Amino acid sequence: MFSDLIGKPFAFGARGPDAYDCYGLALEVKRRLGQLPPDFEHPETPEEIHRVILAATDRFAALAAPAPFSFVAFTIRYPFTSHVGIVLEDHVRFIHVLEKARVCIERLDSPVWKRRITGYYEWQS
């Protein structure tokens, strides 16, 4: 369902189909699942991204554990939560894209990502 997204490049504010930022990719995954979470302005610094995420928290319910196709939030540059991905159906992997990287699938329990997770969320329509 998402294999065509693998390898797409990162671009700030991109919403596809040729490139995505992390939230743009999350929106595309959710769209393919028949959901339409809100879009937000296109912040570019960790501080701006953190501000937008805080403003959006009333629209997202925090989850105690990863659920299939829930959002997973990360701290990339401490102390700001500034990155999101989407948990896949196995509860162990997630799809995401980073600046200077391409869309890929990684494991939530990897040493790189496990310590950076700040929460799991589901959009409340």
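Quick check for you: with a 1.4 Å probe and neighbouring chains kept, what is the accessible area per residue of the chain, in Å²?
Numbers: 6740 Å² over 125 residues.
Result: 54 Å² of accessible area for each residue.
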* **Label-to-label distance, nm, for residues given as Val92 and Ser3 (7 Å Cα→Cβ offset)** => 2.0
* Asked: How many nm is it between the label spots at Ala11 and Ala67, if each spot is 7 Å from the Cα in line with the beta carbon?
  -> 3.4
* **Nearest-20 debye value, the chain charge dipole, Cβ charges on Lys, Arg, Asp, Glu** => 280
* FRET efficiency, Glu47 to Asp109 (Cβ-Cβ, R0 25 Å, nearest 0.05) -> 0.30
* Asked: When the solvent-accessible surface of protein heavy atoms is calculated with a 1.4 angstrom probe, in what order do Ile95, Ile6, Ile117 fall, highest first?
  -> Ile6, Ile117, Ile95
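When the accessible area of the chain is split by element with a 1.4 Å probe, what percent falls to carbon and sulfur? Spell out each step's value before the answer.
Numbers: 3790 of 6740 Å².
Answer for the chain: carbon and sulfur cover 56 percent of the accessible area.
The values are calculated or read from the model by the stated rules, or taken from the named source; none is laboratory data. Computed from a predicted model, the values in this text were never measured in an experiment. Neighbour counts run over all protein chains shown; Cβ positions are idealised from the backbone, glycine included. For the accessible areas, the whole protein counts, side chains as well, though only heavy atoms, and no ligand, DNA or RNA atoms are used. Shrake-Rupley method; radii C 1.70, N 1.55, O 1.52, S 1.80 Å.
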